[in-house]
Amino acid sequence: MDGTPAPAPAPLSLLRPVRAGNAFEETVERLLQAVKLGVVAYGEKLPPERELATRLGISRVTLREAIRALQEAGYLDVRRGRYGGAFVVYRPPRPREGDLRRAVTRMGEDELEDALTFRMAVECGAARVLATTELTPGQRETLNARLAEVNDAAPADYRRGDIAFHLAIAELTGSPRLAAACADARLRVTDLLNAIPVLGPNIEHAAVQHAAIAAAILAGDPEAAGRAVAEHLEGTAALLRGFLA
């Protein structure tokens, strides 16, 4: 493996228990979400089999079947031996001309607007909730660390750092359902964002907005936190629409 991703991964509470009726399918979905969002990044290893099966509330047989499916699909590389495990080999593809339009065509214009609306609702809500929470020193440190990581990230690692910052806000509320909703909302637009280049001016603008979000949360101002997130997400939506025009 070449290169080590700069940002620290988001907490793995996104790997929550699955429903028994669709255990295999939901396990694949959970693992794929963790991989595509960079919660477990390129070159990193999934948690040990016993721990992961417990987290997901499934048998180790079901887990192995899901891992095998993702290995066959090219997302994981399973290695045996003392230092073995399931390693992530997925990297977001480099943007190519026409990728965004193809992604939107697969999704559908109506689904795109719904995805943007859903993300706006859950992420603004998460920021408001966190801003009303009496944060511990550790929580404050975590939020500031995620902010520093995305601001310091190289362009190749920027989107992973951005995801970690946004997911940290939901994670820090202590609500697994809210964290899951925010992860789902981001996953819906991840392929779209990966289809456009990382632009320097956009990174600089986003850095100012991220700082405003963190400052409002740390100051305990839910209205300002909600407005800052809304402004940021409106900018992301405008960027997508601009590339589609």
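The values are calculated or read from the model by the stated rules, or taken from the named source; none is laboratory data. This is a predicted model, so every value here is computed, not measured. Glycine also receives a Cβ, built like all others from the backbone with ideal geometry; neighbour counts cover every protein chain displayed. Ligands, DNA and RNA are excluded from the accessible area calculation, which covers all protein heavy atoms including side chains. Shrake-Rupley method; radii C 1.70, N 1.55, O 1.52, S 1.80 Å.
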Could you compute the net charge surrounding Ala183? Neighbours are other residues with a C-beta less than 13 Å from the C-beta of Ala183; K and R count +1, D and E count -1.
+3
Could you grab the relative contact order for the range 141-206? Cα pairs under 8 Å, six or more apart, rounded to a whole percent.
26
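Starting from the range 94-126, pick out the GluC sites (Glu not before Pro) whose DSSP state is loop and whose Cβ has at most 13 other Cβ atoms within 10 Å.
When the GluC sites (Glu not before Pro) of the range 94-126 are filtered for loop state and at most 13 Cβ neighbours within 10 Å, Glu97 remain.
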Residue separation times 0.36 nm, minus the C-alpha to C-alpha distance between Val208 and Asp152: what's the value?
18.9 nm
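Given Cα pairs under 8 Å that are at least 6 residues apart, what percent is the relative contact order of the chain? Intermediate values should be presented prior to the final figure.
Details: 310 pairs, mean separation 62.0, N = 245.
Across the chain, relative contact order equals 25 percent.
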Calculated from the structure, semi-axes √(5λ) of the Cα gyration tensor in Å equals which of (i) 26, 23, 19; (ii) 29, 18, 16; (iii) 28, 22, 18?
(iii)
Glu111 versus Arg94, label points 7 Å from Cα toward the beta carbon: distance in nm?
2.8
Inter-label distance, nm, simple model (7 Å from Cα along the C-beta direction), Arg80/Phe243:
4.2
Crossing angle, helix 137-152 versus the chain [Cα axis fit, 0-90 degrees, rounded to tens]
90
In whole angstrom, note down how far apart the Cα centers of the range 230-245 and the range 121-144 are.
24
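Normalising by the residue count of the range 64-136, find the relative contact order in percent from Cα pairs under 8 Å and 6+ residues apart. Let's see the in-between values first.
Values: 27 pairs, mean separation 10.4, N = 73.
Relative contact order comes out at 14 percent.
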Result for the range 137-212: accessible area per residue, probe 1.4 angstrom, in square angstrom, of 41
With Cα atoms, 0 to 90° folded angle of helix 200-218 axis to the chain main axis:
80
Rounded if a/c is under 1.5, else prolate if a/b is larger than b/c, else oblate: which is the range 91-185, with a ≥ b ≥ c the root eigenvalues of its Cα gyration tensor?
oblate
Dipole magnitude of the chain about its Cα centre, charges +1 at Lys/Arg Cβ and -1 at Asp/Glu Cβ only, in debye to the nearest 20?
900
